[in-house]
Amino acid sequence: MKKIDLILNILIKLILLAIFVLFSFYKLKINILVITMTLLVFSFINSFIIKNKKISIDVEIFIFQAASVFYLERRANFKWREVPERIFDNYGYVKVLFILVFILTFIYLCIRNENKLLKKYVYSIFFILVIIENIFEIGIIYTISLLFSIPSTVLSYTRIDIAVMGIVIFLFIKKRKKILFNL
């Protein structure tokens, strides 16, 4: 019975991935809001799992993927290559979407979740996006970094990514009981 559920889950995930790729190539506009919304919808659909012939949603998987979407689609990722400025036309809506997802995630993690690994991951991603990446473009954060004269090499995006992935790998190795990726 478990093999059938696993095969069915893998088949559904592959079909969803194929639909996402086709949608991305043919319908996706070059705009950060559309890209983020598409990834969030794909993450929501991808978080459905089949157990014992019942379809249910795993909220932990969705929260993990939603936090990862905002981290991977941050504005700093586009700085290393030349992109048209029209990509950031609706960046204000992405900020509002980030606030909405952050509030809903925070409420869920405070009320219903006991997974400390997920809490650490999500809170660290949100901390990096708000404080280090300065997603809301708050002037005081620039002032604080200048006051402490933090060199840009210490907070380079590559080093931050390496640190985040190192923390995630460490936490996954430390606690293998519940893996957030579910096939």
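List of remarks:
- Filtering region 50-69 to residues that are surrounded by 14 or more Cβ atoms within 10 Å (Cβ to Cβ) and out of contact with any strand residue (DSSP E or B) (no Cβ under 6 Å at 6 or more places or on another chain) leaves Ile50, Val59, Glu60, Ile61, Phe62, Ile63, Phe64, Gln65, Ala66, Ala67, Ser68, Val69.
- Of all residues in region 5-29 being open to solvent by 80 Å² or more (accessible area, probe 1.4 Å) and modelled with pLDDT under 70, the one that is nearest to Phe62 (Cα to Cα): Phe23
- Note on region 75-183: enclosed helices (runs of 4 or more DSSP H) holding 3 or more residues that are of a type outside the set (Val, Ile, Thr) and modelled with pLDDT of 80 or more are 91-111, 116-127.
- Residue count for region 96-121, restricted to those that are surrounded by 14 or more Cβ atoms within 10 Å (Cβ to Cβ) and closer than 20 Å to Thr38 by Cα: 5
- Residue within region 53-73 that is at pLDDT below 80 and more than 16 Å from the chain's Cα centre (by Cα) present: yes
- Among the conditions (1) touching an Asp or Glu at 6+ places or on another chain (Cβ under 8 Å); (2) within 24 Å of Leu11 (Cβ to Cβ), Arg74 misses just one, which is (2).
The values are calculated or read from the model by the stated rules, or taken from the named source; none is laboratory data. Bear in mind that the values here come from a model prediction, so they are computed numbers and not experimental data. Using ideal geometry, Cβ is built from the backbone for each residue, glycine included, and neighbour counts are taken over all protein chains shown. For accessibility, only protein heavy atoms count, side chains too; no ligands or nucleic acids. Shrake-Rupley method; radii C 1.70, N 1.55, O 1.52, S 1.80 Å.
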